1. Given the criteria within 29 Å of residue B:13 (Cα to Cα) and outside any strand (DSSP E or B), does residue B:207 qualify?
2. Suppose we filter region A:60-102 for residues that are within 14 Å of chain B (Cβ to nearest Cβ) and either under 14 Å from residue A:32 (Cβ atoms) or within 13 Å of ligand 3 (Cβ to nearest atom) (or both); how many remain?
3. So which residues in region B:142-165 are within 14 Å of another protein chain (Cβ to nearest Cβ) and assigned to a helix (DSSP H, G or I), if there are any at all?
4. How many residues, within region D:248-279, are within 16 Å of ligand 6 (Cβ to nearest atom), within 11 Å of chain A (Cβ to nearest Cβ) and in contact (Cβ under 8 Å) with a residue 24 or more places away in the chain?
5. Determine whether region A:203-211 contains at least one residue that is buried (at least 20 other Cβ atoms within 10 Å of the Cβ), within 10 Å of chain B (Cβ to nearest Cβ) and in contact (Cβ under 8 Å) with a residue 40 or more places away in the chain.
6. Are any of the residues in region A:257-271 surrounded by fewer than 24 Cβ atoms within 10 Å (Cβ to Cβ) and more than 21 Å from residue B:210 (Cα to Cα)?
7. Kindly list the number of the only condition in (1) in contact with a Leu (Cβ under 6 Å, 6 or more places away or on another chain); (2) at pLDDT 95 or above that fails for residue C:159.
8. Taking the options C:194, C:217, C:261, name whichever one is within 16 Å of residue C:94 (Cα to Cα) and basic (Lys, Arg).
Amino acid sequence: MLELRDKQDLRVTIAGITFSNPITTASGTFSAKESGYFYDLNELGAVITKGVSSHAWEGNKTPRIAETYGGMLNAVGLQNPGIDDFIANELPWLQKLDTKIIVNVAGKTPEDYYTVVEKLWHEKIDLLEINISCPNIKCGGIGFGTSPKMAAEITKEIKKRARQPIIMKLTPNVTDITEIAKAVEAEGADGVSLINTLLGMKIDVHTRKPALFNKTGGLSGPAIKPVAVRMVYQVRRSVGIPIIGLGGIMTGEDAAEFIMAGADAVSIGTAALLDPGAPIRIKKELIAYMERYHFNSIKEIRDGFIDL
Amino acid sequence: MLELRDKQDLRVTIAGITFSNPITTASGTFSAKESGYFYDLNELGAVITKGVSSHAWEGNKTPRIAETYGGMLNAVGLQNPGIDDFIANELPWLQKLDTKIIVNVAGKTPEDYYTVVEKLWHEKIDLLEINISCPNIKCGGIGFGTSPKMAAEITKEIKKRARQPIIMKLTPNVTDITEIAKAVEAEGADGVSLINTLLGMKIDVHTRKPALFNKTGGLSGPAIKPVAVRMVYQVRRSVGIPIIGLGGIMTGEDAAEFIMAGADAVSIGTAALLDPGAPIRIKKELIAYMERYHFNSIKEIRDGFIDL
Amino acid sequence: MTKKILEERITSNQKIAEGIFRMTIYSPEIAQNCTPGQFVNLYPRGRHTLLPRPISLCKIEDEHITLVYGVVGQGTQEFSEYTQGQELRVSTPQGNGFDIGPSLSEKMSKFTVKREGEVPTLGRSELEAGRQMTLVGGGLGVPSLVALAKALITQGHHIRVICGFRTEPYLIEEFEALGISLYVTTDSGDYGFKGTVMDYICAHPFASDYYYACGPKPMLRELAAYCREKQVPVQVSMEERMGCGYGACLGCVCNTQRGYKKVCSEGPVFLGEEVDWYA
Amino acid sequence: MTKKILEERITSNQKIAEGIFRMTIYSPEIAQNCTPGQFVNLYPRGRHTLLPRPISLCKIEDEHITLVYGVVGQGTQEFSEYTQGQELRVSTPQGNGFDIGPSLSEKMSKFTVKREGEVPTLGRSELEAGRQMTLVGGGLGVPSLVALAKALITQGHHIRVICGFRTEPYLIEEFEALGISLYVTTDSGDYGFKGTVMDYICAHPFASDYYYACGPKPMLRELAAYCREKQVPVQVSMEERMGCGYGACLGCVCNTQRGYKKVCSEGPVFLGEEVDWYA
Ligand SMILES: Cc1cc2nc3c(=O)[nH]c(=O)nc-3n(C[C@H](O)[C@H](O)[C@H](O)COP(=O)(O)OP(=O)(O)OC[C@H]3O[C@@H](n4cnc5c(N)ncnc54)[C@H](O)[C@@H]3O)c2cc1C
Ligand SMILES: Cc1cc2nc3c(=O)[nH]c(=O)nc-3n(C[C@H](O)[C@H](O)[C@H](O)COP(=O)(O)OP(=O)(O)OC[C@H]3O[C@@H](n4cnc5c(N)ncnc54)[C@H](O)[C@@H]3O)c2cc1C
Ligand SMILES: Cc1cc2nc3c(=O)[nH]c(=O)nc-3n(C[C@H](O)[C@H](O)[C@H](O)COP(=O)(O)O)c2cc1C
Ligand SMILES: Cc1cc2nc3c(=O)[nH]c(=O)nc-3n(C[C@H](O)[C@H](O)[C@H](O)COP(=O)(O)O)c2cc1C
Ligand code: FES
Ligand code: FES
């Protein structure tokens, strides 16, 4: 029963921007320079940068990383050189690539976010991903993401100031993610990314101390995938805007699972730490999955889900 | 430098009840009859029963179980024969054991809970664990656990009607677990158990259907341990009542980690599915850990935590 | 304190058909304390796959057991890579197995526990003499019929086996070695009768005093309906996704006339009559 | 596209002291493209331990590399169970390694990348002629000094090595084979000088033009303070818990006078002067 088929169409469109394929890099787990030693960045649907803030941030003290069963904790604390340095030194390099550029924006106060999106007004980038969900920043960030009211407010204000479409990146550390998603959609968000990390902690019983200097950190990796899939599924049934799905994607089948749950595109995070070429491997595996089950497009995968 | 030491003192006291050791069985992962084929139940600090409700509950359709990376999802849906059957057929058997008995109480409405605790008034059991956190019951359960107000209310009413001390079992699917813990403490809860399962979902990309009949289910196992440790740590610093800590404990060192985070006792759940003798193995490993680091009591482990 | 998780040695592990493996394990402890229709739990080593995998006993010898399994996912993939001499974690036998008549029921009761009133009674008298028994298997349900056929022969019954496969049959030689009547069907028609076992049964009417079956649920359901019509007893071995595999978690239930029953500890064998097929 | 994760074959893996193992890997690709002080990432197979384990290059031969590692947790426990002939996942060399002078700097620049202005310049002139070099190692920091000592000898320098251990020394014979001055200390006094390497250095003053060090942070800090006082340059190899091990995650930073630097890609070797020891 083998038929001759066209090559699969992997294209997806998010907020009017068409990516060559649904594979993107999760913020904070990708460096164009370092990741670029391992694979051809032009193979990606889009690059999503490490969080950029209005000024340089130092980040947290070390240890910033701890391993857990099937996952990891990080408390990097959004170390970054600030938007001016980013525009001067990193962006030109990204702009030479033949892929879409999504800049992840971090802030502790509303003004922090405004400064960044305003400075990006004239820049040739495709989308903004607004991180209102980082668990590793004491003074803010996650605060915006845990209350529908605050999430709505910040979305509205950023939307006014941003030229590019905005994707709100949501935290899973909430009682009801659909409320937050609905709130940001109502205020004009062009999409949502979910999920950021789950707040976790590890104590080293040998040293008798928290494994992270920051004590708590963000849990990522395959351990959290079921929570992420559940949230993508719930949010897909609550809002109409596109979803970038992430959280523990390790294989092409995992990517397909997120797409069935309702994601329009996916991001690869922790998988790229233990396998630097993971985004491209996962893309190939997704194609193989599509071939095996005769899916010709990403939409066909999504529509293939039987949700009685 | 080896000295002769007394045997460690493993005793812990929860709400005035002294357990011979801190190891208990997580509700729903233990059956006195079936687990009893594998080990001597008297070795446990306490048995915690499967959730019991006012009347027999059928539970969900199958599949009820799905495996995830480093964890599992379940949507058993609290199948149980009801409190009368429990008192007639199961309790007498448990009462012959030389360990403490904690009955886990389930309900969809407040009245469900009241019926169960009232029927247990005259029974020789040590503690009640009130499950206000089951993610697999459509009409209630988890609802009580996600709002501080409702959690407080149900605690107050149950406290009036129960003869035995009550431990409220909390859900991790909330924005701020300390609020819930504080609310139940304020209304007289004698302790809290945390955590119940994280709400998750798995889609089988081969069958293209949700892996569970119930679609979503509760994520348990080592994957969730960092979330559980973080919550025990946070709650320990917010309330004064005892904590039963659980969520992904697989080894004696994991048990020690929960104790350092602030747990007074621990429960073994998923670990007992993949290793039926896990509670006793973990108890032995905890003793070995105490020997290695010269801890003589559970309190010494807790106090050994260096939390700068 | 009668159940255990053992570390036993694999004496062979070979591919016998596409995606199908036969593993032999040296384990007097299991081999001498089990009955056909029971299963063991195999525990993967890959530490991200936590749960046990239930696999039926296919052959029971003095000191060895044989399991036949299909590679369908990560756990069975891992098992297929095990080599001779390696050890694996395996439980002592679980579940009740097939009821094969009075002479063996005493032995059975040593290893399985049923509450009062839960012993299937329908059809027990039929097991008493040398009867005409039909064993129906589908795909990965076929392995457990090998041990069953052998035990029933020992009891002096006449055995007919009907096995269905997708394209490639396996274990044929095991049945042939028992000298019984064997009928093979394949969906593809590549081997034997083209169609399902139920197609075969309907197309070739025969008399039978008793049925045993193991296979996919739709096959069991159809057979149970057929047997009810014919007023002949049938024992079916049910499959369900398991958590613990030993009766602690209520993960693996089968809906019966008496409510949900645990497949792992109260099954996997039920009377066709007692299963609520349309729940 | 110059970095890779390789599947390489283990040619030996043996215990050389209590809890300490030496592993030799056949890998011309790594052996011919690395410098002392660089490390490789080893990827555990146990799929619940996700992150790579960085291990320094201890010996570099034509087609083989040797790693010496201590069993401290699950990852290194797993490595210690690997046997000859097995394959393991290992990255191409990471980080910048020790700066050992001009003649090698060209080779180095092929494999390591530094932004403009980030190349340590202090002390480079000292590397030019046959100088008196002191290499200081503590515990699991000692292995990387083996490859370094050999390279420095090739450069025509005079080498003194001071190594500290808890109780049992290892790799002694490797240094002795190089025919250099070797001083061993143990905390317990079981072997060599009783005390730390810093105790030794303070108790036995000697002249040295340059220092290299690898070991626990408190040792490096003390040595850096000592070198600053003596106005002698020192290169220190820093250790930090890693996420990716290749520069993508910002997990492994070291606080320097120029802010946080990534240990994995901008280190692990820094000048003692540039590290902010009290951050
Ligand atoms: C009482 C009992 C007895 C049993 N006896 C036997 C027996 O004797 N022999 C036997 O072979 N089995 C038997 N089974 C079934 C066996 O337990 C399961 O097949 C096994 O547990 C699957 O484990 P796994 O890790 O390989 O698959 P899992 O990873 O758990 O996946 C199982 C399912 O996921 C899907 N799936 C996963 N990966 C793929 C893929 N790459 N392509 C397509 N689909 C995929 C399929 O639907 C597959 O069936 C029995 C089951 C029970 C309950
Ligand atoms: C650049 C660099 C180079 C390195 N080079 C080397 C080298 O050449 N040789 C070498 O041996 N190491 C080296 N290391 C350190 C090495 O990377 C770590 O020791 C290793 O990653 C630990 O992995 P693990 O899984 O065994 O330990 P993990 O499980 O990650 O645990 C690590 C820590 O947890 C604690 N711990 C865990 N289990 C136990 C236990 N049972 N008892 C007591 N404590 C425990 C200890 O504090 C231990 O150090 C290097 C590190 C870096 C950054
Ligand atoms: C080391 C590390 C750093 C991260 N930094 C950021 C960040 O700067 N901004 C952000 O929005 N998310 C950040 N994240 C979260 C990831 O983008 C992603 O949401 C999360 O890790 C879940 O995906 P994963 O399981 O595939 O890693 C970081 C995650 C890790 C592991
Ligand atoms: C199969 C299964 C059934 C459960 N049933 C109950 C229950 O009836 N009542 C309850 O309070 N918790 C129930 N739980 C939750 C566990 O008691 C425990 O809170 C959770 O699994 C986390 O612990 P673990 O990771 O050690 O399993 C169940 C968990 C599992 C896996
Ligand atoms: S699998 Fe747990 S009760 Fe059957
Ligand atoms: S470990 Fe990721 S940047 Fe160094």
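The values are calculated or read from the model by the stated rules, or taken from the named source; none is laboratory data. Being a predicted model, the structure only gives us computed values, none of them experimental. Backbone-built Cβ (ideal geometry, glycine too); neighbour counts: all protein chains shown.
1. Values: within 29 Å of residue B:13 (Cα to Cα): no; outside any strand (DSSP E or B): yes.
No; evaluated as a whole, the condition is false for this residue.
2. Taking region A:60-102 as the starting set, the residues that turn out to be within 14 Å of chain B (Cβ to nearest Cβ) are A:61, A:63, A:65-75.
Filter once more, so that each one left must be either under 14 Å from residue A:32 (Cβ atoms) or within 13 Å of ligand 3 (Cβ to nearest atom) (or both): A:63, A:65-68, A:70-75.
The total comes to 11.
3. Applying the first criterion (within 14 Å of another protein chain (Cβ to nearest Cβ)) to region B:142-165 yields B:142-151.
Result: B:142, B:143, B:144, B:145, B:146, B:148, B:149, B:150, B:151.
4. 5
5. Step one: of region A:203-211, the residues buried (at least 20 other Cβ atoms within 10 Å of the Cβ) are A:203, A:205, A:210-211.
Narrowing the set further to residues that are within 10 Å of chain B (Cβ to nearest Cβ) leaves A:203, A:205, A:210-211.
Then keep just the ones that are in contact (Cβ under 8 Å) with a residue 40 or more places away in the chain; that gives A:211.
Scanning region A:203-211 turns up at least one residue that is buried (at least 20 other Cβ atoms within 10 Å of the Cβ), within 10 Å of chain B (Cβ to nearest Cβ) and in contact (Cβ under 8 Å) with a residue 40 or more places away in the chain.
6. Kept after step one, since they are surrounded by fewer than 24 Cβ atoms within 10 Å (Cβ to Cβ), are these residues of region A:257-271: A:262, A:264.
Now restrict to residues that are more than 21 Å from residue B:210 (Cα to Cα): none.
No.
7. In the conditions (1) in contact with a Leu (Cβ under 6 Å, 6 or more places away or on another chain); (2) at pLDDT 95 or above, residue C:159 misses (2) alone.
8. Values: C:194 fails: within 16 Å of residue C:94 (Cα to Cα); C:217 fails: within 16 Å of residue C:94 (Cα to Cα).
Going through C:194, C:217, C:261 in turn, the sole match is C:261.
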